[in-house]
1. Does the range 129-137 contain any residue that is basic (K, R) and either at pLDDT below 95 or open to solvent by 80 Å² or more (accessible area, probe 1.4 Å) (or both)?
2. For the range 69-86, enumerate the residues that are at pLDDT 90 or above and in contact with a Lys or Arg (Cβ under 6 Å, 6 or more places away or on another chain).
3. Report yes if some residue within the range 140-149 is crowded, with 20+ Cβ neighbours inside 10 Å and at pLDDT below 95; otherwise report no.
4. Whether any residue in the range 103-113 is hydroxyl-bearing (S, T, Y) and part of a loop (DSSP other than H, G, I, E, B) is what I want to check.
5. Which condition number in (1) charged (D, E, K, R); (2) touching a strand residue (DSSP E or B) at 6+ places or on another chain (Cβ under 7 Å); (3) open to solvent by less than 60 Å² (accessible area, probe 1.4 Å) is the one that R113 fails?
6. Can you find a residue that is touching a Pro at 6+ places or on another chain (Cβ under 7 Å), assigned to a helix (DSSP H, G or I), surrounded by 18 or more Cβ atoms within 10 Å (Cβ to Cβ) and at pLDDT below 65 anywhere in the range 9-30?
7. Restricting to the range 64-93, count the residues that are free of Cβ contacts under 8 Å to residues at least 60 places away in the same chain and surrounded by 19 or more Cβ atoms within 10 Å (Cβ to Cβ).
8. Here are some conditions: (1) small (G, A, S); (2) within 17 Å of M45 (Cα to Cα); (3) open to solvent by less than 10 Å² (accessible area, probe 1.4 Å). G106 meets all but one. Which one does it not meet?
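The values are calculated or read from the model by the stated rules, or taken from the named source; none is laboratory data. Please read these numbers as outputs of a predicted model, since none were measured by experiment. Please note: Cβ atoms are built from the backbone with ideal geometry, for glycine as well, and neighbour counts cover all protein chains shown. Accessible surface areas use protein heavy atoms only, side chains included; no ligands, DNA or RNA. Shrake-Rupley method; radii C 1.70, N 1.55, O 1.52, S 1.80 Å.
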Amino acid sequence: PARAFWPFRAGPSKGAAEGLGGPVLRAGRSGRCPVCGSAAAMGRMGERTETQGAERTLWCGLCHAEWGYERIRCVRCGTRNPNSLRYSYLEEDPAHRLHLCDECHGYARFVFRDELRKPLSMVVEDAVSMTLDAVARAQGYTLEGDAGGSGA
């Protein structure tokens with residue numbers, strides 16, 4: 001139901017994002033949207049180059065803002081312990097992955113641009129990757145994590 005109102009939020013969200021730094025906001029330390037405060041719906045990993053790793057961006061499903069986010073950081077609790085963070089995916093769909101945190105037992109869905117064989121639309125990728133929610137829950141992970149989704 002909240003997504004039905006997105007067309008009415010698009011203008012204000014875009015204006016707020018531009019005021020905060022542009023269409024893709026600078027890297028944040030929180031998994032919460034810097035425009036509306038909602039938890040990130042999902043993220044994306046950009047294309048890799050020879051000189052640079054892939055850019056990691058989070059996306060808000062409520063207002064559609066995007067912001068940069070550290071590559072080695074849990075979206076839910078903020079841990080940067082690389083031994084607690086990992087990606088998991090279904091073999092038949094390597095473009096859509098779960099970013100799992102073994103510290104807070106939280107997860108986030110990601111789309112990997114290098115693996116996607118079609119134009120990128122975060123709205124479409126959000127819908128397509130929702131099947132991963134059941135996979136994460138079956139493994140004991142939640143969208144909030146034990147830390148309550150603070151994204152510290």
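1. Restricting attention to the range 129-137, the residues satisfying the condition of being basic (K, R) are 137.
If we keep only those that are either at pLDDT below 95 or open to solvent by 80 Å² or more (accessible area, probe 1.4 Å) (or both) as well, we get 137.
The answer is yes, given that some residue of the range 129-137 is basic (K, R) and either at pLDDT below 95 or open to solvent by 80 Å² or more (accessible area, probe 1.4 Å) (or both).
2. Y69, I72, R73, R80
3. Residues of the range 140-149 crowded, with 20+ Cβ neighbours inside 10 Å: 141, 145.
Right, trim to at pLDDT below 95 and you get 145.
Yes: one or more hits.
4. Quick first cut of the range 103-113, residues hydroxyl-bearing (S, T, Y) only: 107.
Adding the requirement that they be part of a loop (DSSP other than H, G, I, E, B) leaves none.
No; the residues of the range 103-113 include none that is hydroxyl-bearing (S, T, Y) and part of a loop (DSSP other than H, G, I, E, B).
5. (3)
6. The initial filter retains those residues of the range 9-30 that are touching a Pro at 6+ places or on another chain (Cβ under 7 Å), namely 17, 20, 25, 28.
The next check asks that each one be assigned to a helix (DSSP H, G or I); those that pass are 17, 20.
If we keep only those that are surrounded by 18 or more Cβ atoms within 10 Å (Cβ to Cβ) as well, we get 17.
Okay, now just the ones that are also at pLDDT below 65, so 17.
Yes: one or more hits.
7. Selection size over the range 64-93: 7.
8. Looking at each condition in turn, G106 falls short on (2).
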